[in-house]
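None of the figures in this text is laboratory data; all of them are computed from the coordinates on show. Small disclaimer: the values here were computed from a predicted structure and weren't measured. Positions of Cβ are backbone-derived with ideal geometry, glycine not excepted, and every protein chain shown enters the neighbour counts.
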Amino acid sequence: MHELSTPELYKALEYAKSVDEETGKSILDQFQIDQPALAQAIFAIFPNFVAEQDQDMAYLFMDLCFDVICVFQHAFGETPKQNELSGEWMEKQAALLDAELQSLIAEKTMDPKMRAKLQERFSQRAADEVTQTGLVKFMNDAIDDFASESPSRVPAIKITQTMIFVVIRLFSNLYSTAAKK
């Protein structure tokens, strides 16, 4: 897997935005079959974190997750199937991310040294992986634009951007892991 060039990214985003409702439902249904644990995380668990701040932002988050699925499928092919990966792939990803994400939440009580170490690990792992920087920037801009329409959405910007970054990172790891097999 590689980082998408600007033309590749725009072509994939254009595809995501052109998907009609019936095709979109088919894409989501197939994604849930291919990656049930990941689908559960990004459409049932992660939106709850955002909804704690703002429900509209949670809906936007789920729309953006659909776009991420489409971008990755358009650029890198069908979503790898969960049964093609080691059985612990999702659990391992969740365990790694859980502590790191907890360290990013300022309201969480945590030893400062442990927080710094987890944040460093989060940054280091992100630097060591293929990061879809252009896609992250596009998604962050979409989140900022949507939030600017209503002051009540502004407090949810950071959590929404963090969660969409996590989703993009999970997809990058998923496709990279599948490519190694």
Zone of N48 (label point 7 Å along Cα→Cβ, backbone N under 20 Å): which residues in the stretch 13-33? 32
Can you give the local net charge around L13? Use residues other than it whose beta-carbon is closer than 15 angstrom to its beta-carbon, Lys and Arg +1, Asp and Glu -1. -4
Potential lengthening between I33 and S148 on full extension [0.36 nm per residue; Cα-Cα distance subtracted]: 37.8 nm
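Can you give the local net charge around E78? Use residues other than it whose beta-carbon is closer than 12 angstrom to its beta-carbon, Lys and Arg +1, Asp and Glu -1.
Values: positive: K81; negative: D34, E84.
Residues close to E78 contribute a combined charge of -1.
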At 7 Å along Cα-to-Cβ for each site, give me the label-to-label distance between E84 and Y59 in nm. 3.5 nm
16 Å reach of a label modelled at T131, 7 Å along Cα-to-Cβ, counting backbone N of the stretch 1-25: 2-5
What's the local net charge at I143, with K and R +1, D and E -1, over the other residues with C-beta under 10 Å away? -1
